[in-house]
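Asks: Take a look at the following structure, please.
What follows is calculated from the coordinates using simple rules that are stated; it is not laboratory data. Since the structure is predicted, the reported quantities are computational estimates derived from the model, not experimental observations. Note that each Cβ is placed from the backbone with ideal geometry, even for glycine, and that neighbours are counted across all protein chains shown.
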Amino acid sequence: MNKWFKIMVGFTILGSFICNTSAHAASSTSLFVNGQAEYDFITVEGRTMVKLRSLKDPAWPVLAYDPKTRIVTIRNKDKSKIVQLLQGKKTATVNGETIKLDATVVNKNGSIYVPLRFISETLGGYVYYNNKDKRVIVRTPAGQEEYEILMHGDLSKARHIVLGLARLTEEAPPLQFGEGYNYDYYTFPEGEALRFTMNLAGYSEAYYEVNKEGLVVIKWQKDNVAEREWGAKPTFKSYVYFLNEFKGGLFTYGIVDAQGKETELGKIHPDNSNNLVLQIEGEKRTDERS
């Protein structure tokens, strides 16, 4: 699995904390863990430190902290790797062997923070620093697997993943909200997972694209409450749609062809409709990225 992971070394993380996923503060650095914005990180000795418990991954399910010895122990599922960290030290042990860290392990308000290089070199994750946008991208092993599916895997699974990712609002103005939200309506171009639109009960509409970092970025927004529009509205030749009437427990899906003809393919009453995507028979993925 480690062959999938790499680290961009030799960088220094600038800046301070972020308050949201917007790019309004050009001087700040933002951190994303498995496609979600992570706000609780610190900078020590010129290194960005991330909270260990934010690195949730099924491959590393066991975290234990001994307050007497101040030692954090991490075990993987099959117990083939045991990692121990001691707060205040620049070293860790992996299966009993001592390794050096590029920053001291920090305990802040009861939470352990570790340097980013530790994530890639010891836990087998992925770390990348986007200097242009001042973004740090972190993916755990499970997060990297999802990223691979998102970019060139099964179409339905990729769509499900993308709907669960954080959405960067960029320079889009804040929405004015209405009352009584009762449905979501989302569409994907036929054969695609990396572009989609989202309609929130008719109060707002938005169009998003996934960038190479696996982040969802807004490109167009229409605020029907404030009666204002931002960005460029997309045009899909043909698309699939999913209507989630969550208050009524009804989920409808179908396809609209290039001539604008709508064909409803089915209705179901799911137990959980959050980010639900159903497979469309005969649809093949056309937007895979390496």
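Asks: Along the positive direction of the dipole of the chain (beta-carbon charges: Lys, Arg +1; Asp, Glu -1; about the Cα centre), which of Ala59, Tyr129, Thr93 reaches farthest?
Replies: Farthest towards the positive pole: Thr93.
Asks: While we're looking at this one, here's another question. Need one word for region 210-290: rounded, prolate or oblate. Basis is the Cα gyration tensor (sqrt eigenvalues a ≥ b ≥ c); a/c below 1.5 gives rounded, then a/b vs b/c decides.
Replies: Since a/c stays below 1.5, the shape of region 210-290 is classed as rounded.
Asks: Provide the packing ranking of 196-205, 159-168, i.e. peptides ordered by the mean count of other C-beta atoms within 10 Å per residue, highest first.
Replies: Put in order of decreasing packing, that is 159-168, 196-205.
Asks: Find, to one decimal place in angstroms, the Kirkwood hydrodynamic radius of region 138-256, where the mean of 1/r is taken over every pair of different Cα atoms and then inverted.
Replies: Result for region 138-256 stands at 15.2 Å.
Asks: If you stretched the chain out fully between Ala258 and Asn95, how much longer would it get, using 0.36 nm times the residue separation minus the C-alpha to C-alpha distance?
Replies: 52.8 nm
Asks: Here is a follow-up. Rounded to whole Å and ordered largest first, report the semi-axes of the equivalent ellipsoid of the chain derived from its Cα gyration tensor (root of 5λ).
Replies: Output for the chain: semi-axes of 39, 22, 17 Å.
Asks: Let me ask another. Quick one: putting +1 on the C-beta of Lys and Arg, -1 on the C-beta of Asp and Glu, what dipole do you get for region 154-268 around its Cα centre, in Debye to the nearest 20?
Replies: Charge dipole of region 154-268: 180 debye, to the nearest 20.
Asks: What residue among Ser80, Thr187, Trp230 has its Cα farthest toward the positive end of the dipole of the chain, where the charges are +1 on Lys, Arg and -1 on Asp, Glu, each on the Cβ?
Replies: The residue sitting farthest along the positive end of the dipole is Ser80.
Asks: Work out the length of the dipole vector of the chain about its Cα centre, built from +1 on the beta-carbon of each Lys and Arg and -1 on the beta-carbon of each Asp and Glu, and round it to the nearest 20 debye.
Replies: Around 1460 debye, computed over the chain.
Asks: Run the quick spin-label model on Ala166 and Asn109: label points 7 Å from Cα toward the beta carbon, then report their separation in nm to one decimal.
Replies: 1.6 nm
Asks: Using the alpha-carbon centroid of each, what span in Å lies between region 235-290 and region 102-135?
Replies: With region 235-290 and region 102-135 each reduced to a Cα centre, they are spaced 38 Å.
Asks: What is the calculated FRET efficiency for Arg53 to Glu281, with r their C-beta to C-beta distance and R₀ = 41 Å, to the nearest 0.05?
Replies: It comes to 0.45.
Asks: Separate question: Quickly rank 253-261, 124-132 as a protection proxy: mean count of other C-beta atoms within 10 Å, highest first.
Replies: 124-132, 253-261
Asks: Using Cα pairs closer than 8 Å and at least 6 residues apart in sequence, work out the relative contact order for the chain, in percent.
Replies: Answer for the chain is 14 percent.
Asks: Let me ask another. What does the extension gain come out to for Ala226 and His152, with contour length at 0.36 nm per residue minus their alpha carbon separation?
Replies: 22.9 nm
Asks: Same structure, new question: Taking amide H atoms as placed 1.01 Å from N in the peptide plane, list the residues 5 or more away in sequence, or in a different chain, whose amide H sits under 5 Å from that of Gly35.
Replies: Answer set, sorted by chain and number: Val138.
Asks: Next question. Going down the list Lys212/Lys261; Lys81/Lys108; Lys90/Lys212; Lys56/Lys90; Lys132/Lys222, which pairs span over 31 Å between their C-alpha atoms?
Replies: Lys212/Lys261; Lys90/Lys212
Asks: Using Cα springs under 10 Å in a Gaussian network model of the chain, which residue among Glu190, Glu148, Glu264 shows the largest mean-square fluctuation?
Replies: Among Glu190, Glu148, Glu264, the largest GNM mean-square fluctuation belongs to Glu264.
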